[in-house]
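A quick write-up on the structure given underneath.
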Amino acid sequence: MNEEPHVWHYGLVAQLWAEFSGDTPELPYYQKQIDRFGQPVLDLACGTGRLLLPILRSSIDIDGCDISADMLYYCREQAESEGFHPHLFEMPMHELDLPRSYKTIYMCGSFGLAGSRQLDQRTLKRCYQHLEPGGALLFNLDVEFANPKVWQMWLKDNRETLPQSWPAEGSRQIAAAGFDLIYRSRLLDIDPLEQTFLREIRIEKWQDGALVAQEERTLRGNMYFKNEVIYMLQAAGFEDIEISGDYTDQPATADNTELNFIGTR
């Protein structure tokens, strides 16, 4: 298996994120942790700036980094339209090599996308190296067993039905510029032994009733559980590891849908 990242955040997918990913339910959590650990801040896998831009508007010293030049293009375009000029870096997270260190680094929805598990481990080590003493790395992790529909796909009989067929109906989003983006996604493969998944997305762009562009892209990710992530953080050098649930200050339980990790240097 190719160890390098295999992500879909390019082309029409990047445009979809830029146009329609404006919800930021995690923002208060990250703002609170930035207040706790301090600035400067790095948004690792910042994408089109869903979280970076509102944090930037709060006069926080924040940089962004992403593997996709397309995502960074939209992030920069929106920031500059508001008079901001953040430092944005294009590179894979496992190759993180930036000119300064940070008090707070966060990854939102991106841990497990570095490629192989070895590259995920290298990502944690790179983050550790970019933190100032006392600084912290924050990231979230989906709880696989919290979603019955997804969890059932780990079973042999259900895996044998893969790849899924494309949904008959896609989700339609209408952009302010007047074009429509219609997207569908499906699960291609899931390997419970290796704890990996492969998903595919198809996006159509319609203008004045005509199909003007269509793209299909795939995303490969690694799935993790709580204790193995703790070991990975410890191996990367982190101490005082905290785990809470669903972007709260409450300790994680088996009923949470997301786990939030904090590792301190």
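Results for (1) polar (S, T, N, Q); (2) outside the structural domain of Ala236 (by TED's automatic domain parsing); (3) closer than 21 Å to Pro192 by Cβ, shown as yes or no for each residue.
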position	(1), (2), (3)
Tyr128	no, no, no
Leu141	no, no, yes
Val150	no, yes, yes
Trp166	no, yes, no
Gly170	no, yes, no
- Message: Going by what's in this entry, would Arg220 be described as in contact (Cβ under 8 Å) with a residue 24 or more places away in the chain, out of contact with any helix residue (DSSP H, G or I) (no Cβ under 8 Å at 6 or more places or on another chain) and within 30 Å of Gly237 (Cα to Cα)?
- Response: yes
- Task: Filter the stretch 151-203 down to residues that are touching a helix residue (DSSP H, G or I) at 6+ places or on another chain (Cβ under 9 Å) and of a type in the set (Gly, Ala, Ser) and give me whichever is surrounded by the most Cβ atoms within 10 Å (Cβ to Cβ).
- Result: Ala175
- Message: If a residue must be surrounded by fewer than 22 Cβ atoms within 10 Å (Cβ to Cβ) and assigned to a loop (DSSP other than H, G, I, E, B), how many such residues does the stretch 111-129 contain?
- Response: 1
- Item | Pick from the stretch 244-265, criterion aliphatic (A, V, I, L, M) and surrounded by 19 or more Cβ atoms within 10 Å (Cβ to Cβ), ranking: nearest to Met107 (Cα to Cα) | Ile262
- Note on the structure: Within the stretch 78-104, residues of a type outside the set (A, V, I, L, M) and in contact with a Lys or Arg (Cβ under 6 Å, 6 or more places away or on another chain) come out as His94
- Note on the structure: Filtering the stretch 17-32 down to residues that are surrounded by fewer than 18 Cβ atoms within 10 Å (Cβ to Cβ) and at pLDDT 90 or above yields Thr24, Pro25, Leu27, Pro28, Gln31, Lys32
- Task: For the stretch 6-16, indicate whether the set of residues that are of a type in the set (S, T, N, Q) and surrounded by fewer than 21 Cβ atoms within 10 Å (Cβ to Cβ) is non-empty.
- Result: no
- Task: Could you tell me whether Leu198 is touching a His at 6+ places or on another chain (Cβ under 9 Å) and not assigned by TED's automatic domain parsing to the domain that holds Leu16?
- Result: yes
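The values are calculated or read from the model by the stated rules, or taken from the named source; none is laboratory data. This one's a predicted model, so the numbers in the text were calculated from it and none came from an experiment. Neighbour counts run over all protein chains shown; Cβ positions are idealised from the backbone, glycine included.
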